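Only the coordinates and a few stated rules stand behind these numbers; no lab work does. Just so we're clear, the structure is a prediction, and the values are computed from it rather than from any experiment.
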Amino acid sequence: MNQTPPPAGGAVDPQLLEILVCPVTKKPLRYDRDRGELISDAAGLAYPVRDGIPIMLPDQARKLP
């Protein structure tokens, strides 16, 4: 069987994704399933998702180029 691997950070509840916003800008986030990150285009930050739990701490976010 050909199964796709799970997302890098684990699956995130779609209902949770609908209500989460960037803690810095309060703007919506987009989910990058391949990298397992929540992306804030407004802040230029990528918040990691670990075991399906978004880590919404700015000091834990990766700065986007």
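Overview of results
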item	result
Segment Leu57-Ile19, extension gain: residue separation times 0.36 nm, minus the distance between their alpha carbons	12.1 nm
Karplus-derived HN-Hα couplings along the stretch 24-37 (A = 6.51, B = -1.76, C = 1.60, θ = phi - 60°), whole Hz, x at Gly and Pro	8, 9, 6, 9, x, 10, 10, 9, 9, 4, 5, 8, x, 9
Whole-number D in µm² s⁻¹ for the chain, Kirkwood Cα-pair radius fed into Stokes-Einstein, 37 °C, 0.692 mPa s	275 µm²/s
For Cys22, residues with placed amide H under 5 Å, excluding near neighbours	Lys27, Leu29
